[in-house]
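Participant: Sharing a structure with you now.
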Amino acid sequence: MSEATRRVMIAVRLKAVDPAASTALSTLRRTMPGEAPVSLGRYDLWELEMSPGTDTMDRVRSLIASYTDIVNPNKQSWMKLGHPDSVPGEDRSQTRVWLVVKDHDDSRSENWSRILRASRFGVRRVQCGVLWRLGYPPGTAREVAEENAMAVALTRSRRVGLLANPVSQEAKLYDEASS
Amino acid sequence: MTADRPAPAGCRDDRSGPDPGLDSALIGEIEARGLAMTLEEARHLASIVGRRPTPLELHLFDTMWSEHCSYKSSRSQLRTLPTDAPQVVLGPGEDAGVVRLCVHDGVEYDLVIAHESHNHPSQILPVEGAATGIGGIVRDVYCMGADVIGVLDLLRFGDPLGPRGSRTRSIVRGVVEGIWQYANALGVPNLGGDTVFCGSYDDNCLVNVVAVGLARHDWIVHSYVPERARDEEYVLILVGKPTDDTGFGGATFASAVLEEQLGAVQVADPFLKRVLSEANRAVQRLLHERGIEFGFKDLGAGGIACVSSEMAAHSGMGIELDLDRVPVSIEGLPPEVVACAETQERFGLAVPRDIAPDIIGIYNDDYELPRLFPGARAEVVGRFTPDPVYRVTRGAGRDLIAEAPAEAIVAGVSYERPWSEAPGDQSEPAERACDPPADIERMLTGMACCSRSAIWSYYDSEVQGNTMLRPGESDAVVIRPLPGSSVGIAISGDGNPFIGRIDPFQGGAHAVGEAVRNVVATGARPMCATDCLNFGNPEDPSVFWQFRESVRGIAHACECLGLPDVSECEAPLPIVSGNVSFYNQSPGGGPIPPSPIVCVAGRLDDASHARGIGLRSAGSSLLLLGERMDALGGSLYYRECIGHAGGRVPGFDGTLERKMALCVLELLRDLGDDVHACHDISEGGLAVALAEMSLASRSWTCLGAELPDTGRDPVALYSESPGYVLEIAQGRCPEDLPPFARVVGRVVEGLVIRGSGWSVDLESIASGHFDRLASVVWREEGLT
Amino acid sequence: MSGPLVAVLQFPGSNCEYETARAARSQGLDARVVRWNDRSAGIEACDAFILPGGFSFQDRVRAGAVAAKEAVMDAVVRAAGAGKPVLGICNGAQILVESGLVPGWSAGNVEAALAGNMSPGRSGYLSRWIYLLPGQEVAARCPWLSLMEPGQVLPLPIAHAEGRFVFATGGASSRGPQVTALRYCAPDGGDPGGFPWNPNGSCDDAAAISNMEGNVLAMMPHPERAACLWQVPPSLCGPWGDRRRALSGPMEGTGPEGPGATVFAGLANSFGVRVDR
C-alpha cells in the first residue's frame, strides 16, 4: 500500500437477527462454554484501499450508494470502523473484542477489486471478509477476552475453535482504539 | 355482531344507526395504519361487523381485500380462462393446482403446480425478494401434501447497459443469488426458466416463480379444516418461525419505540424450510397412516389471520384464535401485527385435538425446531368451531379483539374496471437490410439472445437425482421424478413482452403457444398451464385493456392447445394455478409492457424419447414446421439489427399450432431415435434456432447447418412465426409430409451456418455468445 | 433388504440423502437415511457411513463447521477409527474436513480446508460436469474407489461454492498427493490446466481426498447424480457422452449404470456384494 493510499474499513450489518451469528453463538456455548462470548455480532467487512485524495469518505459514500451489492439500505446498515460509536442493540458495558476473518485468497475480493478499479470512485483494491463482535461479561479483563476470542476463532479440531479455519483463513483481532 | 355478545376490546362505541363520525374515524385509521383499502371498503367492513372495526379487523380485511388476495380487479376476466379438463384434480382456488400424472407400482401420482410473482420485493431487496419468492411458492406446493420436485424463475430485468444499468446489474446479480441461495440450499432442482432484458423493466423487475411437486393422489391435502371437525374438535397448530413484524416494517406502530427495528426485513431461511419440509413429511405420513383427515395451509399475505379464517370459512366453520399462544420473536407487538405479520417459513395445520401432542412432538422434539432457530416451534393456537364465526382473543380475560362472520372475510370484493383500447405502435421499418453473418453475430452476442448459461451455472439443477435434460440442453427441462418409472415431466415458462407491447392479445396467445412448443419439442404432451399476469395500474383504462386482451389471448390459445392422449377428447389446455401482479409501474417510467407469463408442464410416457436441441450427425435432414410469415414485429432481428420495434406481429393460428404440435409428437413416436434433435423457433427465427442447435453440439463435436434456399431473405431467416426445426436421420424423413412441413437443409460438419452465398462461422461467435452475460453483469466489462 | 448396513446421515439442512441412499441401494447395500439426533437408529452397528450433500446448518459460519460438532459425529469418528468406510459427498466432505477426519495426518486435527471456489471473474456457487482421474496409490486403498482402473476418466457433476482443497502448510505439497484420491483432469484425462477443468482452484487438482488409511473419503463431486446413464448430459464428450447419446428407449427401471455408480459398487465390492445388472 503506497503511503498516500488510504484504507477504509466498512462493516455492514443486517437490520435483522443474523442467523449465522445466532447459530455460531449457540454452537460455541455448547462446545466451548468456558471461552464462548455472551453476545456475538456479525458484519460483512469491506476493506477498501482508496486512491489519494481529500474526499476519500465522500467517494466511499458514493460508491456505497451505487452498489446495493455492498450495502442495501433496505436491509442493511453500515459503519466505518474506527468510529464504532453507534452499535445499536448492544450492551456497551460488556468487554467487547472485534475479530476480523479473511480468506487467504478469494475470488470475490479479486472480482470486486477489478470491478471497482474500473469505477470512478478511485478504489485500488477491495478485500472482503467477516467482522465478528464478541461480547464478554462486564468486568472481563481485555486480555482474557482477547485470549478467549482467539480460542473460539481458530479451529484446531472438532472440539476447539469455530469462527475461522486457519488453513485457509486468517483471524486477527481488530483494535478499535488504535484505528 | 349479535347483540348478546360483548363488543371487542377497544370498540365500545357499538351502535346501529348511521354514524356521522364513522367516516372520519375510518379515514383516520386508513391513513394512520397505511392501509390500502378505500373509504368505501372500510364502510363495507363496518357494516359487516356492525360497528367501528377493530385494528385487527382493519388489517385482516385490508389484506383479504387486497388485489393480491381478492383478485378484485381481475376476477371478472379470470373467469374466462379454461380451468377444467379430465386430468384436472384441482384447479385454481387453493394454494396450488393439481393434475393426474401417472400410476406407478399401483399407486396413483399427481403433479402439483403453483405460479406466483415476487416483483415489487425483488426490485427493492433483490436477494431476499427472489429468495422469499421461492420460499413462498414451495410452501404452496408442500402444503398440498406434495414433495417439491422443481422450481423455475421467469425473470424480466431492465437494460443492464442502459441509463439505469448499474442498478439493473445489481438487481440481476442479487436476484440470481437469492434464487440459488434459497433453492440450492432447500434441495429443490432449478428447472431453468427464462430471462428477458428490456429497458421498460428498469424500475420494475419481474420475478415470477413456479414450483412443481409430486404427490400421491390419495394423499393430497386440502387447505381447509375437514368436515369431520363438526363432530370432533379440531385445533389449529401453527408451526415454523416465531412471528415477528414482517410486512409492517415498523412504520405502523411508531409508538412501540424499539432501539432497533429488528425483523422488519424478511430474512429467507431455506435451512429452516428444509427441516420443516422433512418434519412435515413425517407428520403427514403419521396422519395418513392413521387415517386421520387434516387440513394444511401455508402462511403468506395476512399471516395467521388470513390462514385461520380461510381454513375455517372454506368448510363453513368458524375458529377461535388465542393470540397469546402464538410464539413471537419480538415482545410487545400489537395484536394486529401478531395476527397479520407475514413472517416467512410458517404453516397452519388443522388436526384433531387428540393427535396434536404427537404432531407437536415431531416438530419440536424429533426435528428440534426450537434448537435450530431461536423461538421456532409448533404450538396449538386455536380451535375450529361449528359456529361459523371468526373470533380472536388475547389476554387473561380472553378479550375479544376481532369478531366477524368467517364467510364475510373470504368473500372478497370485486370491481369492474373501465378499459379503453390502446393498441401499440403498428409502424414497420422502411428498409430491412439483411446481412446474415453480421445479423446472426449481432443477435447471438447481444444481451437479448446471448446464452443464459452464466445464470444457470449458479443453479443446482440436479439435486434429487431426477434431472434428465438440463437448462440449455433442450427447450424444456426434463425430469424423471419417480425412480423406476419411465414417466418424465417437461416444463417451460415463456412470455414475450416485445410482441405483447404491440398487441397484447397476441402476446397472451403466444405466451401459451411458445410454452407449449417448448414442452412439445422435448416430446412431452402438455398436461396443464399456469399463468402470472404482470401489468401496470389496472385503474388506468389502457392498462386494463391490455390486461383484458392478454387474458383473452391466453384463453383462446388454451382452448386450441389441449393435446390430450385420446384424440377424440376436445378438452382445452387447463390453467390450474396463477396469479395477477398489478401496479408494476413507476411514476417516471409508466407501466411495464403487458407481461403475461405462462408456464406449461407436459408428460413424457417414456422419458428416454426426450429430445434435446443439439445436432447429432452430419448428413441429417433439417425439417421445418410452420411457414415463415412476413410478421417481424417485435422480433429480435428488428430490435437488434434494424433498431425498430416493428408493428406486424405473428398472428396466433391455433389450428396450425395444434397440428404442428401433434405432428412433432407423432414424428417422435414413429421415428423414435431417428429424430435426433428438436427445437422450437422463437427469438431470431430459423437462423438463430439452427445456430443454437449447432452451438449445443460444440462440447463434443462440431456440427452446423446448410440452408440452400433461404438466400438473404429476412423473413425466411428471422421470422418468429411459430414453428419447429427437427433433425431427422439421413434418409429417414417421411415422404408424406403435411403442408406446413418441408425439408429446408441438412446438417454439415463444422460449427457453421451456410446459406446461398453466405456463411457464418459460429466458432468465432461462440465465446461472445456464451460469455456476454457474465462479462456485462458479473464482471462489468465493456461498459461505456 | 439385507446386505451391508449403510447409514446415510441426515443433518439439519442435508438435501441429497434420498438419492444417495437410492444409489447405494441399487448396488445391494442396505442404505438407510438416519436423522442426526435419532438415537434409536443404532448407528453403531452400521457397516459404513455416508454424509450426503446439502447445506447442513445452511453453511453458517463456514460450510461443514457446525455439523462437524454435532454429537452424531462422535459415532462417525469412532467408526472411522475402527476402519469402517466413511464417505462424505460435497457438504459431507466439508464436514469430514472440518472434523479433522481427512487428511488425518495427526489424529483429530483440522489440517485442510474447503475454501471458496477460485476462478477468474467469478465467485460463488458453480454447477457443472467435470472429469476425474483416480489418484495413484490412494484409490487402491479406498473401498469406495476399489473398482476404478488406473487412468480411467470419470465424468461427474459438481455443485458447490466451497470446494477448493487447501492443506495445512509445512509439507502440504509433499503430503498432499498421498491423500488425493480423485483429481480433476481434462476430458481426455490430461492436465486440467486451471479453470474450467479444475473448477475451483483446488490444490493438487484434488477433487477428493482420503485419510492415510483410505477408509475415509471426502469428495466434492456428486456420484449419486450420475449413478444412471440417463442422468448424464447428452452434450458430454468422451465415451460416457457417446453412451448417453446412444441411449434409447424404452427405459424401464433405472436403465444402464452411469459413471457415478462405481463409488457405491466399489463399497459393495469391498463387502463382497455384487449385483447383476
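The values are calculated or read from the model by the stated rules, or taken from the named source; none is laboratory data. Bear in mind that the values here come from a model prediction, so they are computed numbers and not experimental data. Note that we place each Cβ from the backbone using ideal geometry, even for glycine, and neighbour counts take in every protein chain shown. Only protein heavy atoms, including side chains, enter the accessible area calculation; ligands, DNA and RNA are left aside. Shrake-Rupley method; radii C 1.70, N 1.55, O 1.52, S 1.80 Å.
Participant: Filter region C:67-119 down to the residues that are more than 9 Å from every other protein chain (Cβ to nearest Cβ) and of a type in the set (Val, Ile, Thr) and list them by number.
Facilitator: Across region C:67-119, the qualifying residues are C:72, C:76, C:86, C:89, C:95, C:102.
Participant: Going by the conditions given, is residue B:679 part of a strand (DSSP E or B), touching a Ser or Thr at 6+ places or on another chain (Cβ under 9 Å) and either open to solvent by less than 60 Å² (accessible area, probe 1.4 Å) or within 23 Å of residue C:236 (Cα to Cα) (or both)?
Facilitator: yes
Participant: Would you mind stating whether residue B:438 is under 30 Å from residue B:199 (Cα atoms), open to solvent by 10 Å² or more (accessible area, probe 1.4 Å), away from every other protein chain (no Cβ under 14 Å) and not acidic (Asp, Glu)?
Facilitator: Judged against the criteria, residue B:438 is a match.
Participant: (1) in contact with a Leu (Cβ under 7 Å, 6 or more places away or on another chain); (2) in contact (Cβ under 8 Å) with a residue 60 or more places away in the chain; (3) within 13 Å of chain C (Cβ to nearest Cβ); (4) open to solvent by 30 Å² or more (accessible area, probe 1.4 Å): which one isn't true of residue A:173, the others all being true?
Facilitator: Against the list (1) in contact with a Leu (Cβ under 7 Å, 6 or more places away or on another chain); (2) in contact (Cβ under 8 Å) with a residue 60 or more places away in the chain; (3) within 13 Å of chain C (Cβ to nearest Cβ); (4) open to solvent by 30 Å² or more (accessible area, probe 1.4 Å), residue A:173 comes up short only on (3).
Participant: Tell me which of these residue A:73 doesn't satisfy, since it passes every other one: (1) at pLDDT 90 or above; (2) open to solvent by 50 Å² or more (accessible area, probe 1.4 Å).
Facilitator: Failing condition for residue A:73: (1).
Participant: Then there's this: Which pairs turn up if I take residues in region A:137-161 that are in contact (Cβ under 8 Å) with a residue 24 or more places away in the chain and look for partners that are exposed (fewer than 13 other Cβ atoms within 10 Å of the Cβ) with beta carbon separation below 7 Å, at least 6 apart in sequence or on another chain?
Facilitator: A:138/A:93
Participant: Another one. Pairs, please: C-beta under 9 Å, at least 6 apart or cross-chain, first residue closer than 16 Å to residue C:160 by Cα and outside the structural domain of residue B:761 (by TED's automatic domain parsing) and in region B:443-469, second surrounded by fewer than 22 Cβ atoms within 10 Å (Cβ to Cβ) and of a type in the set (Val, Ile, Thr)?
Facilitator: Hits for this filter: B:455/B:195.
Participant: Next up: Can you run down the residue pairs with Cβ atoms below 7 Å, 6 or more apart or on separate chains, where the first is in region A:111-128 and at negative phi and among the hydrophobic types (A, V, I, L, M, F, W, C) and the partner is assigned to a helix (DSSP H, G or I) and surrounded by fewer than 17 Cβ atoms within 10 Å (Cβ to Cβ)?
Facilitator: If the second residue must be assigned to a helix (DSSP H, G or I) and surrounded by fewer than 17 Cβ atoms within 10 Å (Cβ to Cβ), the pairs left are A:121/A:62; A:123/A:117.
Participant: Select the strands (runs of 3 or more DSSP E) contained entirely in region B:456-518, then report the ones holding at least 1 residues which are among the charged types (D, E, K, R).
Facilitator: The qualifying strands (runs of 3 or more DSSP E) are B:488-494.
Table: residues versus (1) more than 30 Å from residue C:253 (Cβ to Cβ); (2) crowded, with 24+ Cβ neighbours inside 10 Å; (3) modelled with pLDDT under 95.
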position	(1), (2), (3)
B:447	yes, no, no
B:459	no, yes, no
B:486	no, no, yes
B:496	yes, yes, no
B:529	yes, yes, no
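One line per residue, one yes/no per condition, for (1) buried (at least 24 other Cβ atoms within 10 Å of the Cβ); (2) in contact with a strand residue (DSSP E or B) (Cβ under 6 Å, 6 or more places away or on another chain):
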{"site": "B:59", "(1), (2)": "yes, no"}
{"site": "B:75", "(1), (2)": "no, no"}
{"site": "B:134", "(1), (2)": "yes, yes"}
{"site": "B:137", "(1), (2)": "yes, yes"}
{"site": "B:151", "(1), (2)": "yes, yes"}
{"site": "B:155", "(1), (2)": "yes, yes"}
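Participant: Something else: Looking at region B:427-440, is at least one residue touching a residue at least 40 places away in the same chain (Cβ under 8 Å) and within 30 Å of residue C:128 (Cα to Cα)?
Facilitator: yes
Participant: Further question on the same structure: Only one of B:520, B:477 is within 26 Å of residue B:609 (Cα to Cα) and out of contact with any Ser or Thr (no Cβ under 9 Å at 6 or more places or on another chain); which?
Facilitator: When all the criteria are applied, what remains is B:520.
Participant: Please determine, by comparing only the residues of region C:241-257 that are in contact with a helix residue (DSSP H, G or I) (Cβ under 8 Å, 6 or more places away or on another chain) and of a type in the set (A, V, I, L, M, F, W, C), which one is modelled with the highest pLDDT.
Facilitator: Here the residue is C:247.
Participant: Here is a further query. For residue B:415, all conditions in the list (1) surrounded by 20 or more Cβ atoms within 10 Å (Cβ to Cβ); (2) not in a strand (DSSP E or B) hold save one; what is the number of the exception?
Facilitator: Residue B:415 satisfies every listed condition except (1).
Participant: Follow-up. If I filter region B:18-75 down to residues being hydroxyl-bearing (Ser, Thr, Tyr) and assigned to a helix (DSSP H, G or I), which single residue comes out as farthest from residue B:532 (Cα to Cα)?
Facilitator: Filtering region B:18-75 for residues that are hydroxyl-bearing (Ser, Thr, Tyr) and assigned to a helix (DSSP H, G or I), the one farthest from residue B:532 (Cα to Cα) comes out as B:24.
Participant: Specify the residue that is nearest to residue A:92 (Cα to Cα); the eligible residues are those in region A:15-56 that are within 13 Å of chain C (Cβ to nearest Cβ), open to solvent by 30 Å² or more (accessible area, probe 1.4 Å) and outside any loop (DSSP other than H, G, I, E, B).
Facilitator: The selected residue is A:42.
Participant: Condition first: in contact with a His (Cβ under 7 Å, 6 or more places away or on another chain) and open to solvent by less than 10 Å² (accessible area, probe 1.4 Å). Can you find one or more residues in region C:61-79 that meet it?
Facilitator: No, region C:61-79 has no match at all.
Participant: Yes or no: residue B:689 within 14 Å of another protein chain (Cβ to nearest Cβ), open to solvent by less than 10 Å² (accessible area, probe 1.4 Å) and either closer than 28 Å to residue C:129 by Cβ or part of a loop (DSSP other than H, G, I, E, B) (or both)?
Facilitator: So residue B:689 fails the test.
Participant: Return yes when residue B:777 is β-branched (Val, Ile, Thr) and outside any helix (DSSP H, G or I) and no when it is not.
Facilitator: It is false that residue B:777 is β-branched (Val, Ile, Thr) and outside any helix (DSSP H, G or I).
Participant: Take the conditions without any contact (Cβ under 8 Å) to a residue 24 or more places away in the chain, assigned to a helix (DSSP H, G or I) and open to solvent by 10 Å² or more (accessible area, probe 1.4 Å) and apply them to residue B:166. Does it pass?
Facilitator: Yes; evaluated as a whole, the condition is true for this residue.
Participant: Just to be sure, is residue B:712 more than 25 Å from residue B:456 (Cα to Cα), away from every other protein chain (no Cβ under 14 Å), in a strand (DSSP E or B) and open to solvent by 50 Å² or more (accessible area, probe 1.4 Å)?
Facilitator: Judged against the criteria, residue B:712 is not a match.
Participant: A further question follows. I'm told residue B:528 meets every condition in (1) of a type outside the set (A, V, I, L, M); (2) touching a helix residue (DSSP H, G or I) at 6+ places or on another chain (Cβ under 6 Å); (3) over 28 Å from residue B:586 (Cβ atoms) except one. Can you identify the failing condition by its number?
Facilitator: Every condition holds for residue B:528 apart from (2).
Participant: Okay, moving on. Within region B:169-187, can you find the residues that are small (Gly, Ala, Ser) and either assigned to a loop (DSSP other than H, G, I, E, B) or open to solvent by 10 Å² or more (accessible area, probe 1.4 Å) (or both)?
Facilitator: B:187
Participant: Moving on to the next point. Can you work out which of the residues in region C:201-217 that are closer than 18 Å to residue C:185 by Cα and out of contact with any Pro (no Cβ under 8 Å at 6 or more places or on another chain) is most open to solvent (accessible area, probe 1.4 Å)?
Facilitator: The selected residue is C:203.
Participant: Another question, if that's okay. Keeping to region C:81-135, report how many residues are open to solvent by less than 20 Å² (accessible area, probe 1.4 Å), more than 12 Å from the chain's Cα centre (by Cα) and polar (S, T, N, Q).
Facilitator: Matching residues across region C:81-135 total 3.
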